[in-house]
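Single-structure report; data block below.
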Amino acid sequence: MAFAENAQLGVAYGLSLVSYWAQKRPRPFSASFAVTNKCNLRCHYCNTPFLDPNDLPLDEVGVIFGKLRRMGVQRLGLLGGEPLVRRDLVDMISMAKRMGFYVSVNSNLNLYSRRPEAFDQVDLVMTSLDGDADHHRANRGEKSYDGVLEAIVDLRSRGKPLMAIAVVTENNLDQPEKLIQQAEELDFQIHFQPQCMDTDIVRGGIAEDLQDEELRRFWADLLVQKKRGRPIASSVAYLEAQSRWRDFRVSAFEDPGVRCAAGRGFLYVDPQGRAYPCAYTKGKCEPIDMLAGDWQEDWSGKTPCSTCNVGPMLEFNLLYTKPLSASLAALSRIT
Ligand SMILES: C[S@@+](CC[C@H](N)C(=O)[O-])C[C@H]1O[C@@H](n2cnc3c(N)ncnc32)[C@H](O)[C@@H]1O
Ligand code: SF4
């Protein structure tokens, strides 16, 4: 990433942090926009393809991007569903880049070979990799591995920064070493996240015979690998929190006295333009219509939970609750 882009992200995060600590108006520095709920796959743990299939037209997406930019958002994550099923994805990315966002795109990459140019302007590609072909398919379905490794190799040969997300389930507890080795060979980062449950965008749950103790050991082992300098994107603080998580069947709960940074540091906008503090809170609180309303003015400031182990949310939250260690970790990744 260019120095200027790093600096812009740092400034946006810093301003957001100040407003979070001073309990001023919410000033998120990062937003996720689900460009569509539609998807070419049906992963066992994901409910997105079964949600509202209506997408906003590009001009209305542009109105929302403009509002996000004006409230201070610098980092824009485009996800889904599967973003590559939207024909105007390239136009959307170009629009976001013209507006000055740092843009990441989460894609399963199965459709990559049809439109590799879709990623030309993307700053960070995020994909899904749950293990070798068999283990990946066990979590994500028969055709889910098709073209993924080829796409990763191509993207890396084009110099695109890439992070793979592995969702930890009973099917892939023995897969981290293979995934980490693959990340070393193909030169990408890997982030591990627990299977989260009990919200609109997910389905299913952890196998009944899988014990919390086994999962805690899994995360503690990953922490050891992280400290050895393996290419694990998940932060040390995040891995420590996962290795202490009490009940992996409860992804989030209200903990009196604990503040969550969702809505203040980051937010989520669904494909119909409804904004929530984070993706996990969809269906659990009243959204703000981003076309008609104003997040900073209209949001109640309340989240339905305050503590969670949901992959991206926990990492984002740590940026606000442990800013020093999070900033040093980020610095060590880019220097
Ligand atoms: C919703 S997907 C969207 C992007 C794209 N379709 C993909 O699969 O990479 C974003 C990430 O969330 C992960 N995910 C889906 N359901 C999940 C769950 N129940 N718990 C944790 N992560 C989940 C997916 O594996 C993926 O890496
Ligand atoms: S995780 Fe991604 S690829 Fe799988 S069903 Fe959900 S949106 Fe589609």
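One residue alone among 250, 258 is more than 16 Å from ligand 2 (Cβ to nearest atom) and modelled with pLDDT under 95, and that residue is 258.
Of all residues in region 253-280, which are more than 17 Å from the chain's Cα centre (by Cα) and over 22 Å from residue 202 (Cα atoms)? Correct list: 255, 256, 257, 258, 259. Test residue 283 against the stated conditions and say whether it is modelled with pLDDT of 95 or more and either in contact with a Ser or Thr (Cβ under 6 Å, 6 or more places away or on another chain) or within 30 Å of residue 86 (Cα to Cα) (or both). When the stated conditions are applied, residue 283 does not pass them. Looking across region 302-333, just one residue is among the small types (Gly, Ala, Ser) and at pLDDT 95 or above, and that is 306.
Evaluation of residue 240 against the conditions (1) out of contact with any Lys or Arg (no Cβ under 9 Å at 6 or more places or on another chain); (2) touching a residue at least 40 places away in the same chain (Cβ under 8 Å); (3) farther than 23 Å from residue 161 by Cβ; (4) not polar (S, T, N, Q) shows that the sole unmet condition is (2). Looking at region 24-43, is at least one residue of a type in the set (A, V, I, L, M), over 16 Å from residue 202 (Cα atoms), away from ligand 2 (no atom under 16 Å from the Cβ) and in contact (Cβ under 8 Å) with a residue 24 or more places away in the chain? Yes, because at least one residue in region 24-43 is of a type in the set (A, V, I, L, M), over 16 Å from residue 202 (Cα atoms), away from ligand 2 (no atom under 16 Å from the Cβ) and in contact (Cβ under 8 Å) with a residue 24 or more places away in the chain.
Of all residues in region 132-148, exactly one satisfies the criterion of being away from ligand 2 (no atom under 14 Å from the Cβ) and either polar (S, T, N, Q) or within 17 Å of residue 46 (Cα to Cα) (or both), namely 135. For residue 140, the stated conditions hold: it is crowded, with 21+ Cβ neighbours inside 10 Å, in contact with a strand residue (DSSP E or B) (Cβ under 8 Å, 6 or more places away or on another chain) and of a type in the set (Lys, Arg). On the basis of being of a type outside the set (A, V, I, L, M), touching a Cys at 6+ places or on another chain (Cβ under 7 Å) and either surrounded by 17 or more Cβ atoms within 10 Å (Cβ to Cβ) or modelled with pLDDT of 95 or more (or both), does residue 48 make the cut? When the stated conditions are applied, residue 48 passes them. When each of 129, 76 is tested for being within 13 Å of ligand 1 (Cβ to nearest atom) and buried (at least 21 other Cβ atoms within 10 Å of the Cβ), the lone residue that passes is 129. Within region 298-318, the set of residues being closer than 14 Å to residue 267 by Cβ and part of a helix (DSSP H, G or I) comprises 298, 312, 313, 316, 317. Contact map, region 280-306: first residue under 16 Å from residue 19 (Cβ atoms), second residue buried (at least 22 other Cβ atoms within 10 Å of the Cβ) and charged (D, E, K, R), Cβ cut-off under 9 Å, separation 6 or more or different chains; pairs are 301/264.
For region 149-161, does any single residue satisfy the condition of being hydrophobic (A, V, I, L, M, F, W, C), farther than 19 Å from residue 124 by Cα and either surrounded by fewer than 18 Cβ atoms within 10 Å (Cβ to Cβ) or away from ligand 2 (no atom under 16 Å from the Cβ) (or both)? Checking region 149-161: not a single residue is hydrophobic (A, V, I, L, M, F, W, C), farther than 19 Å from residue 124 by Cα and either surrounded by fewer than 18 Cβ atoms within 10 Å (Cβ to Cβ) or away from ligand 2 (no atom under 16 Å from the Cβ) (or both).
Residue-wise test of (1) within 18 Å of residue 71 (Cβ to Cβ); (2) surrounded by fewer than 18 Cβ atoms within 10 Å (Cβ to Cβ); (3) charged (D, E, K, R).
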position	(1), (2), (3)
217	no, yes, yes
225	no, yes, no
228	no, yes, yes
269	yes, no, no
273	yes, no, no
278	yes, no, no
297	yes, yes, yes
300	yes, yes, no
320	yes, no, no
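The values are calculated or read from the model by the stated rules, or taken from the named source; none is laboratory data. Just so it is clear, the model here is predicted, and its values are computed rather than measured. With ideal geometry, Cβ positions are generated from the backbone for all residues, glycine too; neighbour counts draw on all protein chains shown.
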